[in-house]
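Accompanying notes for the structure given below.
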Amino acid sequence: MSYRIGWQRIWLPSTEDVVGIQLERSEWLIVTMLGIMKAGAAYLPIDPNYPQRRIDYMLADCGCLVVIDDALVSEIRSTRWSGSFDPVEIRSDQLAYVIYTSGSTGRPKGVMIEHHSLSNNIEAYGLVGPHRCSLSCRYVFDASVVEIFSTLCSGSTLFVPQQELVMAPEDYATYLHRHQISHCYLHPMHLEQIGTVLGSYDEVYLKKMLIGVEGIKPAAIAWYVKAGVEIVNGYGPTEATICSTFYQVKQLEDIKTANLPIGQALPNYQVYILEPEGVNL
């Protein structure tokens, strides 16, 4: 299906078509994601800095029909539109997004996530707004999905800082304080540096923080616990929709392991503990 915008024709995807997003970080990244999903399609995040060979493989592998880049967004924004689109019914078992693994053990693998799985994860995270949230993750990583959609679904405000700022711990800590960010994800390698800067201010605006990806030492979150920040350690593979388990940190004295525990299974999930031979305990 296509609609005319001025002298242009805009193609609209059909249900569960895969549409690529290759954009720099801005509010238009979020608008584009929502537009694709509202049309009943699934979005495929593509890092503009990926090697072209990887991009070509991803597009061919998932049958991506079109890629929305900054040039296309700029063209659409500069065109006057008047009209309406037919409403699209979106079922819970339809694709929401396709995200590719890093490919560190071979070719990247496309993981297809449906709306009901995403909704389950957002509900498990339990964000009830309004809050001020910051997008820390690169949008090609699945942790960004819970950052973005838990914020929007809770009626909160999403801040989208540039990635270079996020990767500079001291500068990002200043950003979080200046904008009074209450909820965000922080990468384990930046926890102590950001906590040191935030601890130098009189006010503590941070209320809840999602962490994960790798093993985290209790000492790395000591300042946050003392400051009363709610900390959720998430664990799980991309295939299981971002996280499979959550561990809510309460008292560091309760943790008897070298790294933070991974916690308990999310609602509608089951966790199996296996012996080295793969037998369920």
**OP:** Find all pairs meeting these conditions: Cβ atoms under 7 angstrom apart; at least six residues apart or on different chains; first residue within the stretch 115-126 and under 12 Å from Glu147 (Cα atoms); second residue among the aromatic types (Phe, Trp, Tyr).
**Re:** Leu118/Phe149; Ile122/Phe149
Original post:
Quick one: would you say Ser156 is of a type in the set (Ser, Thr, Tyr), touching a strand residue (DSSP E or B) at 6+ places or on another chain (Cβ under 7 Å), open to solvent by less than 50 Å² (accessible area, probe 1.4 Å) and touching a residue at least 12 places away in the same chain (Cβ under 8 Å)?
Top reply: yes
Original post:
Do we find that Lys38 is closer than 16 Å to Thr238 by Cβ and either free of Cβ contacts under 8 Å to residues at least 40 places away in the same chain or surrounded by fewer than 16 Cβ atoms within 10 Å (Cβ to Cβ) (or both) in this structure?
Top reply: no
Original post:
Filter the stretch 162-193 for residues that are among the β-branched types (Val, Ile, Thr) and touching a strand residue (DSSP E or B) at 6+ places or on another chain (Cβ under 9 Å); which is surrounded by the fewest Cβ atoms within 10 Å (Cβ to Cβ)?
Top reply: Ile181
**OP:** Within the stretch 161-206, work out how many residues are part of a loop (DSSP other than H, G, I, E, B), β-branched (Val, Ile, Thr) and closer than 27 Å to Asp142 by Cβ.
**Re:** 1
**OP:** Please tell me if Thr196 is out of contact with any Gly (no Cβ under 6 Å at 6 or more places or on another chain), polar (S, T, N, Q), open to solvent by 10 Å² or more (accessible area, probe 1.4 Å) and modelled with pLDDT under 95.
**Re:** no
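The values are calculated or read from the model by the stated rules, or taken from the named source; none is laboratory data. Note that the structure is predicted; figures quoted are calculated from it, not measured. All Cβ positions, even for glycine, are placed from backbone atoms using ideal geometry, and neighbour counts span all protein chains on display. All accessible areas refer to the heavy atoms of the entire protein, side chains included, with ligands and DNA or RNA removed. Shrake-Rupley method; radii C 1.70, N 1.55, O 1.52, S 1.80 Å.
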